[in-house]
Amino acid sequence: MHWADYTAKILRERGGPQVSASGITPSGEFHIGHLREILSAEMIHRACLDAGIESEYVFIVDSMDPLRRVYDFLSPSYEQFIGHPLAYIPAPDNNGDPVMGGSSYAEHFLNPFLQALEKIGVKPKVVMNHETYESGAFAKGIDMAIMNRENIRGLIEEISGRELEENWFPYNPIGADGSLDGVRVTGYEKPFVHWADSNGLEGRSDIRKAEGKLPWRIDWAARWIIHGITCEPAGKDHGSAGGSFDTGIPICKLLGGNPPDKIVYEWIQMKGMGPMSSSTGLTVGPMDALSLVPPEILRYVIARSKINRHIEFDTGPSLFQIADEYERLVSSPLEEKEGMSKRQAVSLATQSGALRLSQVSRGSKPMDSFAGVSFRHLSMLAQIKSSDKDVWLSLERSGHMEGEPSIQLRERLARMRSWIDGPHFPDESKVEIRVELPIDEKKDLDAKSVNFLSELSARLSKCDWDEDSIVKSIKDSCESSEIPTRDGFKLLYWVLIGKNDGPKASSLIYEIGRTKLLRLLK
RNA sequence: GGGCCUGUAGCUUAGUCAGGUAGAGCGCCGGGCUUUUAACCCGGUGGCCGGGGGUUCGAAUCCCCUCAGGCCCGCCA
């Protein structure tokens, strides 16, 4: 059974309508890793719906979180905003300078991510956390947290093993300068928290407004209650012993709520590129990924892996493998058979679950996303055929396609071309035509081979330049130089691309062009 | 120091929660497609399930120990 379906089954036992949630701090550019946060919850939500359970999916944007430091992509002028909630500071321009009067920092990074989510069929109810504070929805939780201050302190200290400061307070007011940093609480008179900020200025915050926030561990527990969240998979950082999941659950109960069960997902890592980092420019954003692969395959990357396993995201060879796997599963799904072992049946259910959850629009048939051509094959055609029309002709001839190419296929070819032209395309999948044969390889050629190549050269210098004539020239050359056709092709591939096999020789030669080819054969 | 995850065929892995003859894909090898697309079709090769012990009629699966790799533990999520 797929992990999302399994979780839905557990949630059914909990009863009632389900609310799955994700939460992300928009502190910078979103990357592919954030997709797992989103899709882990969204797939569980879909699995609930598919199981006939009433369910909703909420994406909570931690817009009330403060700017922690001046990141590499920000100009030093952001120094003044450190400690300010991301919702209340200006967005940076391309130079990293703040643009006053435009969108907020939080919105600036969030919007492109939401567009990417739309493309992969994720339609969350978006909650800006600062708006929840502004609305006063947190007031009750804040009041209860303050009234239970010592209990909560005890829970956090005991479970996390961390010692909290003497003047620790379960509410962090915003100071006169707009920063959450260094503000000391001096008293509480419902609904006001009195404080003195780092500059010595005094003031009070109304807990019914966004004039302060709960510390993360309490904020999380409180929002579970506010939004009725029943399921929120969290990254492994929250899953550690004594992490925020372990404190959140009892704190939520203390505040009178029914917390979700602990579900932890593993990180996505970039293979062979070191850690994901916006500063080095090596990050792959959701939009970048979508310009390379179809959205259902991006979903499949997440859906095919168990939730507690690392995913090594790689825009190179393994993306081919995954994309081909998807294509293959769609075209020939496993079928239930008589005498199938329990294991095979389980595997079948898991696979079809992954396929089902990978669809961009829920409930659509995987077959509708089928483009009919493997990525590997298409990458080869895209490389040797410079015009799209020739690609369609070739696909028609090989029986991959009938009539006009589908929209899926057209889009797929367009993405393939941008992949091939971009920096992520794997070298081993590149078809590189040699300019000339290295000397030492020339020496290794025996007499028959040399004879074959010169025969071929002669024929190709005067035949018609179309694929049929080229094939005929190759076969005739094999015959007259008395080598098996198979060996002739092998040799030819070796000369052309340095490998024993390759794309259809005639297409390849046709694309290379007569002049360049004859120079190579000499 | 505390904790989590992973280790199954050359590679990617399913199966572990509910113990009952180890499945798949890729790769590789062979054959077919009589124009040889890295396509497509058929067949085959390949695993003392990291190691050791225990429980059991029976263990990849449960328990204990151990080795290896990855990761998390700052009011950062």
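For this structure, a couple of remarks:
- Boolean, A:S429 is in contact with a helix residue (DSSP H, G or I) (Cβ under 9 Å, 6 or more places away or on another chain), of a type in the set (S, T, N, Q), at negative phi and loosely packed, with under 14 Cβ neighbours inside 10 Å: no
- Flag for A:I439 being more than 19 Å from A:K385 (Cβ to Cβ) and modelled with pLDDT of 80 or more: no
- A:A354 being within 11 Å of RNA strand B (Cβ to nearest atom), surrounded by 20 or more Cβ atoms within 10 Å (Cβ to Cβ) and under 18 Å from the mean Cα position of the chain (by Cα): yes
- Within the stretch A:403-419, considering residues that are touching a helix residue (DSSP H, G or I) at 6+ places or on another chain (Cβ under 7 Å) and surrounded by fewer than 18 Cβ atoms within 10 Å (Cβ to Cβ), the one nearest to A:P317 (Cα to Cα): A:R417
- In the set A:S429, A:S480, A:S461, only one residue is polar (S, T, N, Q) and at pLDDT 85 or above; that residue is A:S461.
- The numbered conditions (1) over 18 Å from A:H2 (Cβ atoms); (2) over 18 Å from the mean Cα position of the chain (by Cα) are all true for A:L348 except (1).
- Considering the stretch A:376-404, the residues that are farther than 25 Å from A:G513 by Cβ and either away from RNA strand B (no atom under 14 Å from the Cβ) or of a type in the set (V, I, T) (or both) include one that is modelled with the lowest pLDDT, namely A:G403.
- Matching residues, the stretch A:459-468, being part of a loop (DSSP other than H, G, I, E, B) and touching a Lys or Arg at 6+ places or on another chain (Cβ under 8 Å): A:C463, A:W465
- Selection status of A:I156, hydrophobic (A, V, I, L, M, F, W, C), crowded, with 21+ Cβ neighbours inside 10 Å and in contact with a helix residue (DSSP H, G or I) (Cβ under 6 Å, 6 or more places away or on another chain): yes
- Residue match in the stretch A:12-21 (condition: aliphatic (A, V, I, L, M), within 11 Å of RNA strand B (Cβ to nearest atom) and without any contact (Cβ under 8 Å) to a residue 60 or more places away in the chain): no
- Selection status of A:S457, under 22 Å from A:A382 (Cβ atoms) and either surrounded by 14 or more Cβ atoms within 10 Å (Cβ to Cβ) or among the charged types (D, E, K, R) (or both): no
- A:E56 part of a helix (DSSP H, G or I) and not basic (K, R): no
- Matching option when the condition is among the small types (G, A, S) and not in a helix (DSSP H, G or I), among A:S394, A:S418, A:S364, A:S379: A:S364
- Considering the stretch A:463-522, the residues that are over 18 Å from A:R434 (Cβ atoms) and among the small types (G, A, S) include one that is farthest from RNA strand B (Cβ to nearest atom), namely A:S480.
- Close pairs from the stretch A:159-172: first farther than 30 Å from A:D206 by Cβ, partner within 7 Å of RNA strand B (Cβ to nearest atom), Cβ under 6 Å, at least 6 apart: A:I159/A:G242; A:G161/A:G242
- Of everything in the stretch A:176-202 that is among the small types (G, A, S) and surrounded by fewer than 16 Cβ atoms within 10 Å (Cβ to Cβ), the residue that is nearest to A:Y88 (Cα to Cα) is A:G178.
- Checking A:L110, A:L74 one by one, the residue that is within 16 Å of RNA strand B (Cβ to nearest atom) and either buried (at least 21 other Cβ atoms within 10 Å of the Cβ) or closer than 24 Å to A:R217 by Cβ (or both) is A:L110 and no other.
- Criterion applied to A:K253, A:K213, A:K209 was being within 10 Å of RNA strand B (Cβ to nearest atom) and either at negative phi or touching a residue at least 12 places away in the same chain (Cβ under 8 Å) (or both), and the one residue passing it is A:K213.
- Given (1) away from RNA strand B (no atom under 12 Å from the Cβ); (2) modelled with pLDDT of 85 or more, index of the condition A:V264 fails: (1)
- The stretch A:220-250, residues that are within 10 Å of RNA strand B (Cβ to nearest atom) and either on the phi > 0 side of the Ramachandran plot or free of Cβ contacts under 8 Å to residues at least 24 places away in the same chain (or both): A:D237, A:S240, A:A241, A:G242
Condition check ((1) part of a helix (DSSP H, G or I); (2) in contact with a Pro (Cβ under 9 Å, 6 or more places away or on another chain); (3) of a type outside the set (G, A, S)) across all residues:
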| residue | (1), (2), (3) |
| --- | --- |
| A:G101 | no, yes, no |
| A:A106 | yes, yes, no |
| A:F109 | yes, yes, yes |
| A:A116 | yes, yes, no |
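The values are calculated or read from the model by the stated rules, or taken from the named source; none is laboratory data. It should be emphasised that the depicted structure is a prediction, and the values quoted were computed from it without experimental measurement. Because the Cβ atoms are built from the backbone with ideal geometry, glycine has one as well, and the counts that use them run over all protein chains shown.
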